[in-house]
Amino acid sequence: MRKKIVAGNWKMNLLLDEAEKLNASIDETLSKGNFRCDVYHFIPFIYLKEAIDNSKHVQIGAQNGHPEKNGAYTGEISIHQLAHMGTQAILIGHSERRQLFNETNDFLKAKVNTAIAEQLTVFFCCGESLEQRESEDYEQIVINQLKSALFHLPEEDFRKVIIAYEPIWAIGTGKTASPEQANAMHISIRAAIADAYGNSVAETTSILYGGSCKPSNAQELLTQSDIDGGLIGGASLKPEDFMSIISTYQ
Ligand code: 13P
C-alpha cells in the first residue's frame, strides 16, 4: 500500500495570526477524525518554529532551503538550520523556484543530497510548461527532471522521497489537468522509477498531483490509480477547503 499524502503549500501568503490560526485549525480537526493520509504544511520560514512546536497531527515543512551548511549566503536559510529546528520536510524543485529563481538541476541535486543527509522528507516537484505540453516529448521532459536531480540517489535514500507532479500550466490558473491526463503522467513517472530502481520501489513511491486541485475536483483526481495525494496551493489557505480535500481519504 502506498502512503496517501495531502500537503498544503502556502507559498508567500498569510500574516502571522492567520498562519497560526490556519495551522491550529487543521491540526485540531485532524485530531478529531480518522484520516487515512499524512498531512503536511509547507509554510514560510518565519512561521516554522511556532508551527513545529504546536503541531501534533500536521507535519511541518519548508518551501526552500540552501544546500550549504552555513556561510556567507546573505538572506539564505540552510537545510541544516531547518533540520536542527525540527522541520520535517522540504519542497525541492517547485516550478516557481525553477522559473522565478533560476534554480538549476545541479542546484536541486545539491539540495536533495543535503536534505537526505539531514533526514528531511524530500517532496521533489516536477512538471512541464504549456509550451512543453504542446510538444510531443513532454513526458520525457518531466522524466528528465527526475533523472537530472533525483535518480542519482541510492535506492535506500530514494525510498524516502515523495514526488509531486505539478503541470505548470495548471498551477494557480484554475486549469486542472483532467484526472486521466494527470494519471497518465503518474503512470509514466512510476514506469521511469521502475526503470531506475525496480518495480517494488516504484510501487511504493507516493506520487502527488498539484495544480488547481480544489474541493470540487479533489475526489476524482486523488482517487486515480496512480495518484497518491495532492500538493495544494490556493485551496490550502482556507481550512474548510483544505479539510474537504483531506477528507477524500477519510
Ligand atoms: P495551486 O493549487 O494554487 O494551483 O498551486 C499548486 C502548487 O503549486 C502547489 O505547490
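The values are calculated or read from the model by the stated rules, or taken from the named source; none is laboratory data. Remember, predicted model here, so these are calculated numbers, not experimental data. Here the Cβ positions follow ideal geometry from the backbone for every residue, glycine too, while neighbour counts run over all protein chains shown. We work out accessible area using only protein heavy atoms, side chains counted, and drop any ligands, DNA or RNA first. Shrake-Rupley method; radii C 1.70, N 1.55, O 1.52, S 1.80 Å.
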Completion exercise
Net charge (Lys, Arg +1; Asp, Glu -1) of residues whose beta-carbon lies under 15 Å from that of residue 41, residue 41 excluded, is -3
Exercise for the section: Subtract the Cα-Cα distance of residue 20 and residue 84 from 0.36 nm times their separation in residues, and report this length gain in nm to one decimal. Expected result: 20.9 nm
Fill in the blank from the handout: Projecting the Cα atoms of 86, 130, 152 onto the charge dipole of the range 53-166, where Lys and Arg contribute +1 and Asp and Glu -1 at Cβ, the residue farthest towards the positive end is 86
Practice task
Report the residue, chosen from 32, 11, 214, that carries the largest GNM mean-square fluctuation when the chain is represented by alpha-carbon nodes joined by springs under 10 Å.
Solution key: 32
Exercise for the section: Could you check which residue among 118, 28, 131 shows the biggest mean-square fluctuation in a GNM of the chain with a 10 Å Cα cutoff? Expected result: 131
Practice task
Using the 2.2 N^0.38 Å rule of thumb for compact globular proteins, work out how the range 54-142 stacks up: its C-alpha Rg over that value, please.
Solution key: 1.22
Problem - Sum of -39500 (n - 2.57) over DSSP H runs of 4+, divided by residues of the chain (222 nm, nearest 500) - result: -12500 deg cm²/dmol
Problem - the range 205-211 - phi-based ³J(HN,Hα) in whole Hz, Karplus 6.51/-1.76/1.60, Gly and Pro as x - result: 7, 7, 10, 9, 9, x, x
Handout entry: Simple Cβ-charge dipole of the chain, Lys/Arg +1 and Asp/Glu -1, about Cα centre, in debye nearest 20
Key = 400 debye
Practice task
Calculate the spin-label point distance for residue 12 paired with residue 157, positioning each point 7 Å from the Cα along the beta-carbon direction, and give it in nanometres.
Solution key: 3.1 nm
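Hydropathy first: keep DSSP H helices in the chain averaging at least 0.0 on Kyte-Doolittle, then drop any whose Cα extent along the axis falls short of 24 Å, and list what survives.
Span-like helices in the chain: 179-197.
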Practice task
Kindly state, to the nearest 0.05, the FRET efficiency for residue 45 paired with residue 131, given R0 = 30 Å and r defined as their beta-carbon distance.
Solution key: 0.40
Completion exercise
Expected field for residue 173, accessible surface area in Å² at 1.4 Å probe radius, rounded to 10, holds 80 Å²
Handout entry: Calculated FRET value between residue 106 and residue 191, using beta carbons and R₀ = 30 Å, to 0.05
Key = 0.75
Fill in the blank from the handout: On the accessible surface of the chain, probed at 1.4 Å with all protein chains in place, carbon and sulfur together account for a percent value of 49 percent
Handout entry: Neighbourhood charge, 9 Å Cβ-Cβ cut-off, centred on residue 205 and excluding it, Lys, Arg +1 and Asp, Glu -1
Key = +1
Fill in the blank from the handout: With x for Gly and Pro, the residue-by-residue ³J(HN,Hα) of the range 48-63, computed from phi through the Karplus equation 6.51 cos²θ - 1.76 cosθ + 1.60 at θ = phi - 60° and given in whole Hz, is 4, 4, 4, 5, 4, 5, 10, 8, 10, 10, 9, 8, 9, x, 9, 8
Exercise for the section: Count charges around residue 139 for me, please; just the other residues with Cβ under 11 Å from its Cβ, Lys/Arg as +1, Asp/Glu as -1. Expected result: -2
